[in-house]
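K.L.:
Have a look at this one.
Each reported figure results from applying straightforward, stated rules to the coordinates on display, with no laboratory input. None of the values given here were measured: they were computed from a predicted structure. Cβ sites come from the backbone with ideal geometry, for glycine too, and all protein chains shown count toward neighbours.
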Amino acid sequence: MNDRTALVTGANKGIGKDIARLLAAEGLTVYVGSRDADRGKRAAEEIGAGTRPLVLDVTDPDGIAEAAAQVERLDVLVNNAGIAPSLAPPTETGAEELRSAYETNVVGVVEVTNAFLPALRRSPRPRIVNVSSGTASLTWSTNPNPQFTPGSGGAAAYRSSKAALNALTVLYAQTLAEEGFKVNALAPGLRATDLTPGAAAVGGDPAEAARGAVHLALLPDDGPTGGFYSWDTTPVPW
């Protein structure tokens, strides 16, 4: 009998919803994290059996604590919630925009992860997946390859926050390695979601990216940790 549990933040829509759906299809009980209770409930109902709505705003410390108190044991945490304030380069990015991006994409991940660590530590195989971005790769940003050209300094708040998330992924992986955790980051690729509304014509299927996240969420004991992977499980350079 599969008694594994998972939490996906920002799971009421987009890639997060598809991750929740695929994890539920694997037999896990999935907490559908959503800032809005009604949207989370609707998403859980649409996904179907094996899901539970969980009100969770990653920028609200008290709300995070309340959500964590409702979860006794957790096998998988997918830090999917994220925002992209604008496409502005650093020369046109204000402090408020930076604070907003970092509050959700960096601070929120740390607060959620730390709040749910007690539940994750009750799992024999704890897994953490941080949904990052290929645009956060410093290697690709400074030496673009034919498969990926991130642009010329745009989306500074978003991209730099995801680069910080990548660094935290490595640090969590190192810190928790002896406890059996696997902590990895995912570059989902350009997807047609609310995060990138202009990608409707060129963005790929969110479910395709979700499959990459589920792969990392269900890694075996000899799987990697502290890595950065594309949606198709190809390693991405930091």
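K.L.:
When the helices in the chain are scored as -39500 (n - 2.57) per DSSP H run of 4 or longer and the sum is shared across all residues, what 222 nm value do you end up with, to the nearest 500 deg cm²/dmol?
P.N.:
Helices in the chain give a 222 nm mean residue ellipticity of -11500 deg cm²/dmol.
K.L.:
Please build a GNM for the chain, connecting alpha carbons under 10 Å apart, and tell me which residue among D36, D222, D62 fluctuates the most.
P.N.:
Taking springs between Cα atoms under 10 Å, the residue moving most is D222.
K.L.:
How much length, in nm to one decimal, is gained on full extension between T233 and D38, taken as 0.36 nm per residue of separation minus their Cα-Cα distance?
P.N.:
Stretched fully, the T233-D38 segment lengthens by 66.8 nm.
K.L.:
So how much slack lies between N114 and E179, counting 0.36 nm per residue of separation and subtracting their Cα-Cα distance, in nm?
P.N.:
21.9 nm
K.L.:
Can you tell me the dipole magnitude for the chain around its Cα centre, using point charges on the Cβ only (Lys, Arg +1; Asp, Glu -1), in Debye to the nearest 20?
P.N.:
Result for the chain is approximately 280 debye, rounded to the nearest 20.
K.L.:
Here is a follow-up. Tell me, what is the FRET efficiency for R125 and E46 to the nearest 0.05, using R0 = 41 angstrom and their Cβ-Cβ distance as r?
P.N.:
Rounded to the nearest 0.05, the efficiency is 0.90.
K.L.:
Mean separation of Cα pairs under 8 Å and 6+ residues apart, divided by the residue count of the chain: what relative contact order is that in percent?
P.N.:
So the answer I get is 19 percent.
K.L.:
Within 11 Å, Cβ to Cβ, of D3, how many net charges do the neighbouring residues add up to if Lys/Arg are +1 and Asp/Glu are -1?
P.N.:
Neighbourhood net charge equals +1.
K.L.:
Span-like helices, the chain: DSSP H, alpha-carbon axial extent 24 Å or more, mean Kyte-Doolittle -1.0 or greater, which ones?
P.N.:
156-176
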